[in-house]
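Reviewing the structure listed below.
No value in this document is a laboratory result; all are computed from the given coordinates. What you are looking at is a predicted structure, and each value in this text was computed from that prediction instead of being measured. Here the Cβ positions follow ideal geometry from the backbone for every residue, glycine too, while neighbour counts run over all protein chains shown.
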Amino acid sequence: MLRVTRRLALWIAGVSVAALLIVLGARVWEVEAGPPLAPWHTIVPEELDRAALDRSDWTAWMDAEARLFATVRREVSDALEPEQRVAANRYYAGSPVDPDRFARNWNRSFVLEPDGPPRGAAVFLHGLTDAPYSLRHLAEAYRARGFLAIAMRMPGHGTVPAGLTQAEWEDWMAATRLAVREARRRVPPDAPLHLVGYSNGGALALKHALDALEDPGLPRADRIVLVSPMVGVTAFARFAGIAGLPALLPRFAKAAWLDIQPEFNPFKYNSFPVNAARQTHRLTMALQAQLDRLAGSGALARLAPVLTFQSVVDATVSTPAVLTRLYGRLPANGSEIVLFDLNRNTRFGPLFAAGADTALGRILPPAPRAYAVTVLGNADPASAAEVVRRVPAGAETEEVAPLGQAWPRDVFSLSHVALPFPASDGLYGGEPDPAEDFGVQLGALAVRGERGVLVVGLDTLSRASWNPFFPYLLRRVTEGLPEP
């Protein structure tokens, strides 16, 4: 019996090794067939580490950030090869998408001061591969209502994609703590403090709020606003590290990247390193474990109300995880989740993938719930008009009100990246503000034409990049704040 068991174990081990070798071989073939690495994939500018971040104040951080961007200009932009000096490269100083040519480089951390003494402070935390640009509209809304708005650039972001090959989520948490310290320092002790996080920044905002429940030395948030929060990620992220194993050999350095794309977006990386996926998985695992621990001890009763905005269908983060791992553990503390449903107009219905049109019913727990649920969806399948369906916390009866808006005729759902951007956004909006020129208008492109003409695949540009219902989102985020 022992001999049979040993043979079985050896057979399983052999099959596992063979499968791993096949996967790694396929991975090597895949990356070798792709484009070559460029300087922005190989040069890693030095960031403050987490210990230095915890020792630093805002002035030290801004000085370090200035040195960081000077390094990128000197070692990447000024050293480009002739064939890399093209209009579609944000690192070329002559490119229309060069961030340094704009009135403000929104890749950098920023502070928006209110008119008059601040009535409170809000800290804004952006997403993975992103930049502080993504939350500028919400930050301006807070500033207009008397709040000091601080947007933090996370280490590894806003410079070159190579910065994410070495960043760790603990660095991002240290940067979050620095921003919160500065926000708390610059407003009166009794002034409210809000945390606003988008995508990966949503995980950081929530993690800081949980850390503050366990560490009395950390400032406590009075309100938490999450947009497409990264509470759970796809199963692939768990095994992303395996995809990068061939990169241990210099010959296969490209294996450290899940995607290598032209960098034409001035405020977001298009290339995606394996380490970025690995760090998001590590962060979400730590976040979920902490939620479980604090829920079990009853400490979540002290958590500030959480307002979340989430698309029912999201290809980047797990919507079910937001509902089960986060909201399923929250106490009755005034929290609410706002869900953006699909456009269920009948002209799209036959084209929905199997299960897509029933996603909302599958993921939403039955009422009554400890939190309020609001769903923005079609009034009926024959109409593009939107209504707001809300079930208050502890209730079972649905309240329905017209939204006064309709789905754009060419949009069948929102996306993970769309929620924080209005139609007027100069880069991502469908009707960009003519006063803003960021070199390209990604949301206004009508992506119809022949394959192979653009420098990027059509699927990249066809993903919804702005939120037609942003006015509603903005109204909900700012409700209860002083009028502008």
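General observations
- Amide N of the range 158-197 lying under 16 Å from the label point, which is placed 7 angstrom from the Cα of M62 along Cα→Cβ: 178-187
- Its alpha carbons give the range 21-303 an Rg and a Dmax of 19.5, 64 Å.
- With the charge dipole of the range 21-303 set up from +1 on Lys and Arg Cβ and -1 on Asp and Glu Cβ about the Cα centre, the Cα lying farthest toward the positive end among the listed residues Y91, M230, A255 is that of M230.
- Sorted ascending by nearby beta carbons within 10 Å, beginning with the fewest, D78, D190 become D190, D78.
- Note on the range 21-303: with charges restricted to the Cβ of Lys and Arg (+1) and Asp and Glu (-1), its dipole about the Cα centre is near 520 debye.
- Legend: ranking of residues H281, H157, H137, H126 from fewest to most surrounding C-beta atoms inside 10 Å; resulting order H137, H281, H157, H126.
- Rounded D (µm²/s) - the range 380-434, Kirkwood Rh over Cα pairs, Stokes-Einstein at 25 °C, 0.890 mPa s: 179 µm²/s
- Judged by the gyration tensor of its Cα atoms, with axes a ≥ b ≥ c, the range 244-376 is oblate; a/c meets the 1.5 cut and b/c is at least as large as a/b.
- Protection proxy ranking, peptides 52-63, 325-336, average beta carbon neighbours within 10 Å, highest first: 325-336, 52-63
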